[in-house]
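*Asks:* Below is a structure I'd like to ask you about.
Read-outs throughout are calculated quantities, based only on the coordinates presented, and are distinct from any laboratory measurement. What you see is a predicted model; the values in this text were computed from it and never measured. Cβ atoms come from the backbone with ideal geometry, glycine included; neighbour counts cover every protein chain shown.
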Amino acid sequence: MNDATSYTPPDVWSWNKESGGGFANINRPIAGPTHDRDLPVGRHPLQLYSLGTPNGVKVTVMLEELLQLGHRGAEYDAWLIRINEGEQFGSGFVAANPNSKIPALMDRDGPQPVRVFESGAILLYLAQKFGDAFFPTGGAQRAECLSWLFWQMGSAPFLGGGFGHFYAYAPTKIEYAIDRYAMEVKRQLDVLDRRLSEAAYLAGDEYSIADMAVWPWYGALAKGQLYESGEFLQVQQYTHVLRWTNEIAARPAARRGRRVNRTWGEPSSQLHERHDAADFETWTQEKL
């Protein structure tokens with residue numbers, strides 16, 4: 001095993017240089033705002049501030065699924081937060097999410113706005129707000145749904161901040177780090193594949209917020225759309241994950257949700273901001 005560099009940690013770590021890599025310009029060891037900037041507010045009670053990364057897609061898919069079910073109160077404004085430009089460190093966004101990560105939701109359907117941050121918390125909040133939509137009402141399936149939801153929250157950092165960072169974004173390729181996280185990501189895919197060999201969806205027979213949480217990360221990975229790592233990880237062998245991935249990708253609400261706050265890829269796959277259902281059509285017409 002040959003690492004690109006030899007490094008001995010100092011007795012006390014200090015922030016005296018950029019870390020390098022794809023996100024060096026926004027990495028810092030302190031919290032709080034870097035500049036004053038109020039968040040825009042649209043006409044709907046639900047105001048989402050996000051970007052079309054996997055964590056952002058979880059919430060836009062949920063909102064579109066709620067609208068597909070006929071919950072008119074789930075209409076929302078989705079505002080673009082450009083994390084590469086540090087917009088998540090504006091004072092308004094930090095007030096909505098003190099952790100300065102997308103997505104953040106403000107629910108203005110009441111006398112006082114309610115802030116909700118962390119994507120899993122937003123999914124649970126919306127499910128409960130709309131009568132336990134996509135959330136089993138009790139018993140073993142509810143426990144299964146919660147277990148897989150929290151599985152995703154605990155597992156995805158190994159995929160994103162672990163494998164994704166060292167494989168795709170780190171300034172140097174470190175064999176130990178890539179091997180360590182590739183092994184863990186393949187183990188996670190095997191965990192999912194085994195579960196989906198025995199059930200249609202993660203919580204059982206019904207599509208739920210657990211699927212909405214896991215699909216944007218592991219569905220994209222299984223389709224070779226994450227970090228251009230499909231061949232490296234041999235993702236095609238996880239046939240049950242692929243079956244599940246394709247079924248969710250065919251859902252109209254999932255297709256719409258995946259476009260919201262997306263700023264890369266084919267123009268027809270993007271919708272930078274969403275303020276009305278008609279935006280899906282007008283944006284496509286404007287960009288093509």
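*Asks:* Considering region 139-250, what Rg and Dmax in Å follow from its alpha-carbon atoms?
*Replies:* 14.0, 48
*Asks:* In debye, nearest 20, what is the charge dipole magnitude of the chain about its Cα centre with +1 on Lys and Arg Cβ and -1 on Asp and Glu Cβ, if you could check?
*Replies:* It comes to approximately 40 debye.
*Asks:* Can you bin region 61-206 into rounded, prolate or oblate? Criterion: square roots of the alpha carbon gyration tensor eigenvalues sorted a ≥ b ≥ c, rounded for a/c under 1.5, prolate for a/b above b/c, oblate for the rest.
*Replies:* oblate
*Asks:* Quick one: compute a quarter of the convex hull surface over the Cα atoms of the chain and quote it in nm².
*Replies:* Reported value for the Cα convex hull: 17.2 nm².
*Asks:* With an 8 Å Cα cut-off and a minimum separation of 6 or more residues, compute the relative contact order for the chain in percent.
*Replies:* Working: 427 pairs, mean separation 63.7, N = 288.
In percent, rounded to a whole number, it is 22.
*Asks:* A further question follows. Not counting the cut sites, what is the longest span of the chain without chymotrypsin sites (Phe, Trp or Tyr not before Pro) that DSSP labels loop and that have at most 11 other Cβ atoms within 10 Å?
*Replies:* 16-263
*Asks:* Beyond 13 Å, how much of the Cα-Cα pair distribution for region 86-137 remains, as a whole percent?
*Replies:* 60 percent
*Asks:* Mind giving me the FRET efficiency for ARG187 and GLU231? R0 is 22 Å, r the Cβ-Cβ distance, nearest 0.05 is fine.
*Replies:* 0.75
*Asks:* Excluding ALA199 itself, calculate the net charge of residues whose Cβ lies under 12 Å from the Cβ of ALA199, where each Lys or Arg counts +1 and each Asp or Glu counts -1.
*Replies:* That works out to -3.
*Asks:* Oh, and also: Just how far, in whole angstrom, is region 1-51 from region 90-130 if you go by their alpha carbon centroids?
*Replies:* Centre-to-centre distance over Cα atoms comes out at 20 Å.
*Asks:* Quick one: if you stick a label point 7 Å off each Cα along the C-beta vector at GLU18 and ASP36, how many nm between them?
*Replies:* 2.9 nm
*Asks:* I would also like to ask the following. To the nearest 0.05, what FRET efficiency results for SER269 and ASN84 with a Förster distance of 22 Å applied to their C-beta separation?
*Replies:* Values: r = 19 Å, r/R0 = 0.85.
Computed FRET efficiency for SER269 and ASN84 comes out at 0.75.
*Asks:* If each residue of separation counts as 0.36 nm, what is the full-extension length gain between ARG108 and SER197 once their alpha-carbon separation is subtracted?
*Replies:* 27.9 nm
*Asks:* Can you work out the FRET efficiency for the pair SER6 and SER91, with r the C-beta to C-beta distance and R0 = 35 Å, to the nearest 0.05?
*Replies:* According to the calculation, E is roughly 0.25.
*Asks:* Further, regarding this structure: Suppose a student asked you for the relative contact order of region 139-250, using Cα pairs under 8 Å spaced at least 6 residues apart; what percent would you report?
*Replies:* 28 percent
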